[in-house]
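Peer 1: Next up is a structure, given as C-alpha cells.
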Amino acid sequence: MRKLFIENLVKLNKRGKNIYIVINDLGYNVVEPFSKIFPKRIFNAGVSEQNMMGMSAGIASEKVQVFVYSIANFSTFRCAEQIRNDVDYHNLPVTIVSVGSGLGYGNLGYTHHAIQDYALMRSFPNMLIISPGNNDELSSSLRYIVKNPQPSYLRLDKDEIFQKNKRKISIKPGKIIKLYSGNKKKIILTTGNVQEIAKKINTKNYSIYSLPIWGKKTKNETLNSIKKFNEIITVEDHFHDGGFGSWINECLKKSNKKVNVCNKYISDKVISYVGSKKYLMKKFGPKR
Amino acid sequence: MNKKDQKFIKRIRTNILKLTFSAKSSHIGSSLSIVEILYTLYFNILKKNDRFILSKGHAALALYCILYEKGFITYNVLNTYGQDGTRLMAHVSHKVKGVEFSTGSLGHGLPVAVGKALYFKTNNKKNKVYVVISDGELNEGSTWESLLFASHHKLHNLNIILDNNKIQSMGPVKNIIKLEPLKNKFESFGAKVFRCNGHNIKDLKKKLLIKNIKKPKIIIADTIKGKGVSFMENNNLWHYKNPNIKQLNQALKEINKNYA
C-alpha cells in the first residue's frame, strides 16, 4: 500500500495540488518517487517525532497540506500531544500516515505494533480516521482527503498485494461500502481488514461491508447506514478498548433500534509474543 | 525609555495587574517579564506578513494586553479575560483575534515556528518568524530537536527570543535543571546568539534588527520575573498567586511611580 500511496501523492501534486511530506528518517525505498520530482516539498525531520509533528502543523498553518509519514507508533503515541494541540485543536490539514497497521511489523515486536492507535486517534474531535482495506479504498480516500483537507489519520497496511474492487467506488466519511454480497442476515463490518477476512471465510456465507473513513464527527452517518441490520460482527486488528468495534457500539447507542453486535478483535495476550503477522494473527487475531 | 513607550508600558503592566486580580488567575510574574519584549516586537519589528508565536502560552495576558493596544481586540473584550464563557483563556488561544497559534504546553511553539520558517524559506518568501520561549521551556526535548533542525536548514528567517527570567515553576532555574552556559549551548547547536537586557526596548530593538545572518537568530533577553512590582520581582509565589485588593493597590502605586 505504501507505494500506491506515494504514487497517488505524486499524481495529485502533478495535477497542481500543494502537498508536502514530512518524514522522521523513515520511508527508504518508498518516498523516492516523490522526492525526485518534488525535492522542495519533502523534509526529513530526523529521528524526532515531536518536532516532526509540530513542524508539520507549522507548515500546514501556511495553507498547504502536509502528510506526515512514519511507522505505527512513532507518528501517533510518540507525538500525541503535538497531534492534540497543534494539529487537531487548530484543525490543520495534516494527514498522519502510519505504516504497518495492526501486527504488520509482527516480528519487530510490541514497540512496533499498531494495536492501540484507533483508541488514541479517535479521541480527537476533528480527526478523521482513514483505514483503507484495499487499493481502491486507498486511492479513493486520498482523493477525498486532498479535496477536503483536515486533520486525519491514514492507517496503511505494509503489504503491497491488494486486490481491486469489482466496480469503482466513491468513499464518504461514515458511510459503509458493500464489498461481498453473501448471506444478507450475517453482516461483517470492518475497517481496513477486508482482505484478511475474505481470505478466511466463505464469502457466500456473509455479507462483508467496509467503513474506510470514520471518526468522532461521523457517528451519525455511520449509525444511519448500519441501523438497518439486525446482526453485525465487527472485525479489527486492534484491541477492543477504544477500537473500531467499541466505536460501532457507541454509534448504535445513539439509536433505540436494537442491533446485536459481536466484536472481534486482537487479544491483549499478543503483547508477550513476536512472530510474523500471519502467525500472530492466527494465534491472537480475531477468532471465528 | 521615551515618553511614548513609557506610557504604553505603564498601561500594559497596569492592565496585567488589574485583569489578573479580577480573573483571579495566575502567572502574573511570567506576564510582567515579557512586556518590553512583546512591545518591541509589536510596535517596532513585526511587519504585516511576519508571524509571531508566544510559546510560553501561560503569559497569554501580556499578549492580550498588547493586542488591545494594537487594536486587535476592544477593551470590553480584554476585560472578559479569564471570565466564564470567554475565549480569552489563561493560555494563549488562536480563537482570539490577532493570535497566530495556541500554546500552553511548553515545547510546542518552536517546532511550529520552525515549520513556518521552513515553508517561507523553501518558497523564497520574505516573511520572518518570531517566537518567544521561556527558560523553563529549555527543559523540553522538543525545543532542542527543533533547534537542531532549524540550524541544519539554516533558517535565517527564524528569530527566537528567550525570556530569561531565571525562575521556573518550582524555583530558580539553576537549582532545577542548570542551563548555563546558554550562549555556548545555543552556538554549539548552530545558532547566532545575542544577549541583551530584556526590559530595555532600545537594546531589544537593536539586537532584533541585526541583519544578514545566515542561520537562526537567538536573543537571550535577560529579564526579571514580576518586573515593575517590588514584592513580585524574583518571587516564585507570583507564578501562582493572584493579588488581593491591598496588594493590587500597592502594585499599581509602584507601577505609577516606576513608569511616571
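Peer 1: Would you mention how many residues in the stretch A:94-120 are over 15 Å from A:Gly192 (Cα atoms) and open to solvent by less than 10 Å² (accessible area, probe 1.4 Å)?
Peer 2: Of the residues in the stretch A:94-120, 6 are over 15 Å from A:Gly192 (Cα atoms) and open to solvent by less than 10 Å² (accessible area, probe 1.4 Å).
Peer 1: Got a number for residues in the stretch B:136-163 being among the small types (Gly, Ala, Ser), more than 9 Å from chain A (Cβ to nearest Cβ) and under 17 Å from A:Val22 (Cβ atoms)?
Peer 2: Here is the first cut: in the stretch B:136-163, the ones among the small types (Gly, Ala, Ser) are B:136, B:141-142, B:146, B:150-151.
If we keep only those that are more than 9 Å from chain A (Cβ to nearest Cβ) as well, we get B:136, B:150-151.
Okay, now just the ones that are also under 17 Å from A:Val22 (Cβ atoms), so B:150.
Summing the residues that are among the small types (Gly, Ala, Ser), more than 9 Å from chain A (Cβ to nearest Cβ) and under 17 Å from A:Val22 (Cβ atoms) in the stretch B:136-163 gives 1.
Peer 1: Does any residue of the stretch B:118-126 turn out to be closer than 27 Å to B:Trp238 by Cβ and aromatic (Phe, Trp, Tyr)? Outline the logic, then answer.
Peer 2: First, the residues of the stretch B:118-126 that are closer than 27 Å to B:Trp238 by Cβ: none.
No, that holds for no residue.
Peer 1: Pairs please, first residue from the stretch A:153-174 and at pLDDT 75 or above, second anywhere and charged (D, E, K, R), Cβ atoms under 6 Å, 6+ apart in sequence or on different chains.
Peer 2: Hits for this filter: A:Ile169/A:Asp136; A:Gly174/A:Glu221.
Peer 1: Mind listing whichever residues of the stretch B:102-135 are in a helix (DSSP H, G or I), more than 7 Å from every other protein chain (Cβ to nearest Cβ) and crowded, with 24+ Cβ neighbours inside 10 Å? Before the answer, list the steps.
Peer 2: Filtering the stretch B:102-135 down to residues in a helix (DSSP H, G or I) leaves B:109-122.
With the extra rule that they be more than 7 Å from every other protein chain (Cβ to nearest Cβ), the set shrinks to B:109-110, B:117, B:120-121.
The answer is B:Gly109, B:Leu110, B:Ala117.
Peer 1: Given the criterion small (Gly, Ala, Ser), closer than 25 Å to A:Asn148 by Cα and in the same structural domain as A:Ser101 (by TED's automatic domain parsing), identify the matching residue among A:Ala45, A:Ala57.
Peer 2: Every option except A:Ala57 fails the conditions.
Peer 1: Turning to a different aspect of this structure: Could you tell me which numbered condition A:Ile232 fails, if it satisfies all but one of (1) modelled with pLDDT of 95 or more; (2) outside the structural domain of A:Ile96 (by TED's automatic domain parsing); (3) in contact with a helix residue (DSSP H, G or I) (Cβ under 6 Å, 6 or more places away or on another chain)?
Peer 2: (3)
Peer 1: Without any contact (Cβ under 8 Å) to a residue 60 or more places away in the chain and either closer than 20 Å to A:Leu156 by Cβ or among the acidic types (Asp, Glu) (or both): does that describe A:Ala72?
Peer 2: Working: without any contact (Cβ under 8 Å) to a residue 60 or more places away in the chain: yes; either closer than 20 Å to A:Leu156 by Cβ or among the acidic types (Asp, Glu) (or both): yes.
Yes, satisfied.
Peer 1: Which helices (runs of 4 or more DSSP H) does the stretch B:1-68 wholly contain that include 3 or more residues that are open to solvent by 10 Å² or more (accessible area, probe 1.4 Å)?
Peer 2: Numbers: elements: B:3-23, B:28-32, B:35-40.
In the stretch B:1-68, B:3-23 are the helices (runs of 4 or more DSSP H) which contain 3 or more residues that are open to solvent by 10 Å² or more (accessible area, probe 1.4 Å).
Peer 1: Just to check your reading of the model, which residue among A:Asn29, A:Asn91 is open to solvent by 10 Å² or more (accessible area, probe 1.4 Å), in a loop (DSSP other than H, G, I, E, B), at pLDDT 95 or above and more than 8 Å from chain B (Cβ to nearest Cβ)? Show your work before the answer.
Peer 2: Numbers: A:Asn29 fails: at pLDDT 95 or above.
Within the list A:Asn29, A:Asn91, the selection yields A:Asn91.
Peer 1: Turning to a different aspect of this structure: Kindly indicate whether any position in the stretch A:97-110 is within 13 Å of chain B (Cβ to nearest Cβ) and closer than 26 Å to A:Val64 by Cβ.
Peer 2: no
Peer 1: Answer yes if at least one residue in the stretch A:8-16 is open to solvent by 10 Å² or more (accessible area, probe 1.4 Å) and closer than 27 Å to B:Gly109 by Cβ, and no otherwise.
Peer 2: The answer is no; no qualifying residue exists.
Peer 1: Identify all residues within the stretch B:82-101 that are away from chain A (no Cβ under 14 Å) and either touching a Phe, Trp or Tyr at 6+ places or on another chain (Cβ under 9 Å) or open to solvent by less than 30 Å² (accessible area, probe 1.4 Å) (or both); write none if there are none. It would help to see each step written out before you state the result.
Peer 2: Step one: list which residues in the stretch B:82-101 are away from chain A (no Cβ under 14 Å), which gives B:82-86, B:88, B:90, B:97-98.
If the condition is that a residue be away from chain A (no Cβ under 14 Å) and either touching a Phe, Trp or Tyr at 6+ places or on another chain (Cβ under 9 Å) or open to solvent by less than 30 Å² (accessible area, probe 1.4 Å) (or both), then B:Leu88, B:Ala90, B:Lys97, B:Gly98 are the ones that fit.
Peer 1: Filter the stretch A:58-75 down to the residues that are within 12 Å of A:Tyr20 (Cβ to Cβ) and of a type in the set (A, V, I, L, M), then identify the one that is nearest to the other protein chains (Cβ to nearest Cβ).
Peer 2: Applying the filter and picking the extreme gives A:Ile59.
Peer 1: Name the residue that is farthest from A:Leu92 (Cα to Cα), counting only residues in the stretch A:42-57 that are at the interface with chain B (Cβ under 10 Å from one of its Cβ atoms) and of a type in the set (A, V, I, L, M, F, W, C). Even if it seems obvious, please write down each step before you answer.
Peer 2: To start, the set of residues in the stretch A:42-57 that are at the interface with chain B (Cβ under 10 Å from one of its Cβ atoms) comprises A:43-57.
Narrowing the set further to residues that are of a type in the set (A, V, I, L, M, F, W, C) leaves A:43, A:45, A:47, A:52-53, A:55, A:57.
Working: A:Phe43: 18, A:Ala45: 19, A:Val47: 23, A:Met52: 15, A:Met53: 11, A:Met55: 12, A:Ala57: 7 Å.
Looking at the filtered set, the residue picked out is A:Val47.
Peer 1: Determine whether the stretch B:64-83 contains at least one residue that is in contact (Cβ under 8 Å) with a residue 24 or more places away in the chain, under 14 Å from the mean Cα position of the chain (by Cα) and closer than 22 Å to B:Lys241 by Cα.
Peer 2: Restricting attention to the stretch B:64-83, the residues satisfying the condition of being in contact (Cβ under 8 Å) with a residue 24 or more places away in the chain are B:64-70, B:72-73, B:78-79, B:81-83.
From what is left, the residues that are under 14 Å from the mean Cα position of the chain (by Cα) are B:64-67.
Cutting the leftovers down to closer than 22 Å to B:Lys241 by Cα gives us B:64-65.
There is at least one residue in the stretch B:64-83 that is in contact (Cβ under 8 Å) with a residue 24 or more places away in the chain, under 14 Å from the mean Cα position of the chain (by Cα) and closer than 22 Å to B:Lys241 by Cα.
Peer 1: Now, a different point. Give me the residue from the stretch A:77-88 that is touching a helix residue (DSSP H, G or I) at 6+ places or on another chain (Cβ under 7 Å) and either more than 15 Å from A:Pro125 (Cα to Cα) or open to solvent by 30 Å² or more (accessible area, probe 1.4 Å) (or both) and, out of that set, farthest from the other protein chains (Cβ to nearest Cβ).
Peer 2: A:Phe77
Peer 1: Kindly indicate the residue of the stretch A:45-57 that is in a helix (DSSP H, G or I) and in contact (Cβ under 8 Å) with a residue 12 or more places away in the chain and also surrounded by the most Cβ atoms within 10 Å (Cβ to Cβ) among those meeting that condition. First the steps, then the outcome.
Peer 2: Applying the first criterion (in a helix (DSSP H, G or I)) to the stretch A:45-57 yields A:49-57.
Right, trim to in contact (Cβ under 8 Å) with a residue 12 or more places away in the chain and you get A:49-50, A:52-57.
Working: A:Glu49: 23, A:Gln50: 24, A:Met52: 31, A:Met53: 36, A:Gly54: 30, A:Met55: 33, A:Ser56: 32, A:Ala57: 28.
So the residue we want is A:Met53.
The values are calculated or read from the model by the stated rules, or taken from the named source; none is laboratory data. Source: prediction; values computed, not measured. Cβ coordinates were reconstructed from backbone atoms using ideal geometry, including for glycine residues, and neighbour counts include every protein chain displayed. In case anyone asks, the SASA skips ligands and DNA or RNA and just uses the protein heavy atoms, side chains included. Shrake-Rupley method; radii C 1.70, N 1.55, O 1.52, S 1.80 Å.
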